[in-house]
Amino acid sequence: MSTYHSKRAKEFLKNPEEKISRHDQTFWSVRQKRDAAAAQLPEWENLREQASRIKAHTVTHLADYLEQFTTNLEKNGVIVHFAKDAQEFNEIAYGILETHKVRKLVKSKSMLTEECGLNPYLMERGIDVVESDLGERILQLMHLKPAHIVMPAIHLTRDEVGEMFEEKGISKEIGNHDPTYLTYCARQNLRKDFMDADAGMTGCNFGVAATGDCVVCTNEGNADMSTSVPKLHIVAMGLEKVIPDYASLAVFHRLLSRSGTGQPATSFTSHFRRARPGAEMHVILVDNGRSDITANTAHWETLKCIRCGACMNTCPVYRRSGGYSYSYFIPGPIGVNLSMLKDPKKHSGNVSACSLCLSCDCVCPAKVTPGSQIYRWRQSLETYGTENKEKKVMAEGMKAVYENYPVYDALLRNSSVANYIPEAWADTSLNPWSIGHTMPRFARKPFHALFKQAMEELKNGK
Amino acid sequence: MRVGLFIPCYVDALYPQVGVATYRLLRKLKLNVVYPERQTCCGQPMANGGFERMSEHLAERFEDKFRDFDYVVTPSVSCAAFVRVNYPQILDHACQTPEKTMELVEFLHDILKVRELPGSFPHVVSVHNSCHGVRELGLSSPSELQIKPFNKIVDLLRLKDGITVKEPDRKDECCGFGGMFAVEEPYVSSRMGNDKVKAHMATGAEIVTGSDCSCLMHMQGVAARQKYPVKFMHVAEILAAGL
């Protein structure tokens with residue numbers, strides 16, 4: 001019965017009770033902040049609808065907007081590259097860095113580079129890659145992967161971070177695990193990387209077609225730091241990040257950080273439009289499967305996603321199983337969907353990670369409906385041969401009983417004998433229900449038998 | 001008004017008293033209630049598990065059995081939601097039951113517009129807002145949406161004399177049942193169930209009530225395993241009390 005996710009979740013749930021509760025509460029509190037921020041805008045639901053429509057429009061006119069975006073970038077002297085897949089992206093990025101004899105690259109946060117495996121690719125080729133987002137930096141130093149797309153290291157405790165900083169010589173005051181102090185230490189430590197890096201790389205939250213702006217939202221200002229000193233700036237951007245104009249940017253900007261962290265805006269919103277005098281700016285537009293998704297009638301809406309992470313924070317399964325229980329680098333409801341689009345056979349084991357509560361559908365600022373789409377993915381597992389075989393046997397058994405009334409009737413009339421099975425016997429590994437539940441008690445007489453009896457008694461004038 | 005009563009398979013087998021309460025309630029409201037014989041399941045369990053194709057025949061049978069009623073009423077949120085939301089895709093022809101099928105609470109609240117009910121229920125209850133009731137049928141305002149709050153279950157329960165109605169913290173977070181989810185992800189499911197039951201108990205309620213027996217069954221199983229002193233009743237049982 002066990003899927004990839006359920007096995008990993010089982011391991012996660014072996015953590016001490018308070019650690020699981022803290023994980024759950026941490027992300028729930030972000031959901032609460034999101035609720036409070038959303039509640040301050042009377043036009044919230046209207047904004048979501050607009051965001052959804054703008055994205056639907058852009059995705060269905062993607063080529064036009066990409067052309068406009070590219071033209072405007074080039075007008076401003078930016079060099080634009082197209083990468084059809086991860087391999088090509090890595091090669092282009094490395095090519096640019098090699099031409100400029102870059103030895104050290106500072107990066108602000110980019111999930112796209114995670115998707116393409118850029119860091120190991122560059123490091124194997126002798127380039128020192130330094131993550132500058134605090135969470136990403138912590139993970140890089142600990143050799144861990146992000147567990148969330150917006151708050152990648154929030155699953156770690158301050159003690160875990162503090163001890164690692166001490167080990168690496170980043171913090172000097174042994175035992176001081178105060179977050180403000182640790183952040184100060186990280187900042188001091190990163191400063192020299194910003195100063196002597198030869199190039200900076202940023203992601204891109206929104207590419208404005210009408211102006212050629214690459215808009216990057218951060219809370220730490222590290223995108224600006226990464227691009228202020230080095231003379232070379234590379235923007236890594238997924239195709240679907242392009243939006244029409246400033247008016248649409250205003251809609252997304254109001255939704256993004258309110259949905260993601262509950263802030264009215266990120267501390268920094270940087271518009272990169274052209275290189276500084278004497279510097280160079282490159283934009284690499286990455287497809288890596290995105291244009292195929294535009295043609296996927298059941299799942300094209302995943303392209304509307306603005307990567308706010310709200311679906312993870314609200315997901316009761318994510319909060320109780322953690323980001324590492326999914327087989328894809330993006331976890332949670334949107335990750336289940338994106339992993340299936342990437343490689344359905346490899347990632348079918350994530351599809352069980354959903355109780356179909358649909359909270360994500362309602363929280364999503366762009367109405368991606370990740371939960372409803374997981375229902376559709378489940379229907380397709382048989383075509384990939386990755387359906388859960390035991391579950392299929394159960395479903396076939398139910399179907400057989402429900403479709404054959406005499407069998408159904410006989411079973412229900414006699415099912416109360418099951419109540420006499422001792423609990424201990426029911427507690428077997430073959431009975432996953434017994435892991436957390438006692439067995440339900442069957443009625444001595446099912447409703448349909450009671451009803452029939454009552455009607456007969458009425459007829460007979462009793 | 002001719003009403004077809006649909007008593008889903010698991011209510012039939014495990015909670016016949018909920019079927020009886022629903023029937024009594026509808027009769028008390030002077031409706032012509034018919035319980036068609038030989039009904040079983042709407043097909044939801046297989047479909048939610050990923051085998052929608054196994055639900056087609058059951059959906060056809062449901063449509064046949066219930067299409068001629070003015071309304072089909074069922075004391076089960078997720079079954080009503082399945083018929084309403086999923087049948088139009090499953091059946092490859094025009095069908096009538098999706099728009100006629102109503103969960104008991106919405107039928108009483110929206111169609112019959114029940115504004116008073118006799119009988120008292122002098123207990124403290126905590127309302128369980130089942131996900132598909134909240135987010136597919138609109139029994140209450142989803143906490144994610146920025147709309148005027150409402151809750152049809154609470155509205156109806158308050159009609160009973162002497163009742164104290166509470167809602168838990170995280171009022172519409174999933175209890176973790178999710179049909180086959182509970183057996184495929186038993187660890188996450190029971191953890192969610194445990195958290196949810198504790199949230200209900202923290203309201204000080206003696207009874208957890210809701211309009212979906214499957215959520216209640218799951219939480220009851222978790223609570224019994226943990227030996228929690230809390231009871232579970234379907235909304236229909238409370239609304240029918242003292243009639």
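Some points to look at:
- Other protein chain C-beta atoms within 10 Å of residue C-beta, averaged over A:362-368: 2.
- Segment A:Ala210-A:His100, extension gain: residue separation times 0.36 nm, minus the distance between their alpha carbons: 36.6 nm
- Shape of chain B, Cα gyration tensor, a/c cut at 1.5: oblate
- Rel. contact order, % - alpha carbon contacts under 8 angstrom, at least six apart, chain A: 21 percent
- Look at the stretch B:132-138: the mean tally of other chain Cβ atoms within 10 Å of its residues' Cβ atoms is 3.
- Loop trypsin sites (Lys or Arg not before Pro), region B:35-70 (other Cβ atoms within 10 Å of the site Cβ: 13 or fewer; DSSP): B:Arg38, B:Arg67
- Shape category assigned to region A:35-188 from the gyration tensor of Cα positions, a/c cut at 1.5: oblate
- Note on B:Ile90, A:Ile174, A:Ile284, A:Ile234: ascending count of other Cβ atoms within 10 Å places them as A:Ile174, B:Ile90, A:Ile284, A:Ile234, the fewest first.
- Extent along principal axes [Cα atoms of region A:179-233; Å; largest to smallest]: 42, 26, 12
- FRET efficiency for A:Met123 and A:Asn176, using Cβ-Cβ distance with R0 set to 22 Å, rounded to 0.05: 0.10
- When Rg and Dmax are taken over the Cα atoms of the protein assembly as shown, they come to 27.9, 101 Å.
- Among the residues of A:449-460, the average count of other protein chain beta-carbon atoms within 10 Å of the residue beta-carbon is 2.
- Cα shape, region B:124-239, gyration tensor, a/c 1.5 rule: oblate
- Sites A:Asp292 and A:Asp64, calculated FRET efficiency, Cβ-Cβ separation with R0 25 Å, nearest 0.05: 0.85
- Cross-link pairs A:Lys392/B:Lys231; A:Lys84/A:Lys145; A:Lys452/B:Lys171 - those with Cα-Cα distance over 30 Å: A:Lys392/B:Lys231; A:Lys452/B:Lys171
- Point-to-point label distance, A:Leu458-A:Thr157, nm (Cα→Cβ direction, 7 Å offset): 6.3 nm
- Neighbour-count ranking [beta-carbon atoms within 10 angstrom, fewest first] of A:Tyr328, B:Tyr228: B:Tyr228, A:Tyr328
- Note on A:Trp425 and A:Arg274: the model spin-label points, each 7 Å out from Cα along the C-beta direction, lie 8.3 nm apart.
- For A:Asn205, the residues 5 or more places off, or on other chains, whose built amide H falls under 5 Å of its own are A:Val215, A:Val216, A:Cys217.
- Added length on full extension, which subtracts the Cα-Cα distance from 0.36 nm per residue, B:Arg27 to B:Lys198: 58.0 nm
- Between A:Arg376 and A:Val229, the simple spin-label model (points 7 angstrom out along Cα→Cβ) gives 4.7 nm.
- Counting other Cβ atoms within 10 Å as a rough exposure proxy, the listed residues B:Ser120, A:Ser2 run B:Ser120, A:Ser2 from fewest neighbours to most.
- Size of charge dipole - chain B - debye, nearest 20, with Cβ of Lys, Arg +1 and Asp, Glu -1, no other charges: 760 debye
- For region A:94-155, trypsin sites (Lys or Arg not before Pro) are listed when DSSP marks them as loop and at most 14 other Cβ atoms sit within 10 Å of their Cβ; the list is A:Lys101, A:Arg103, A:Arg125.
Every number in this text was worked out from the coordinates using simple rules, so none of it is lab data. Predicted model, so just to flag it, every value in this text is computed and none were measured. Every residue, glycine as well, gets a Cβ built from its backbone with ideal geometry; the counts of neighbours run over all protein chains shown.
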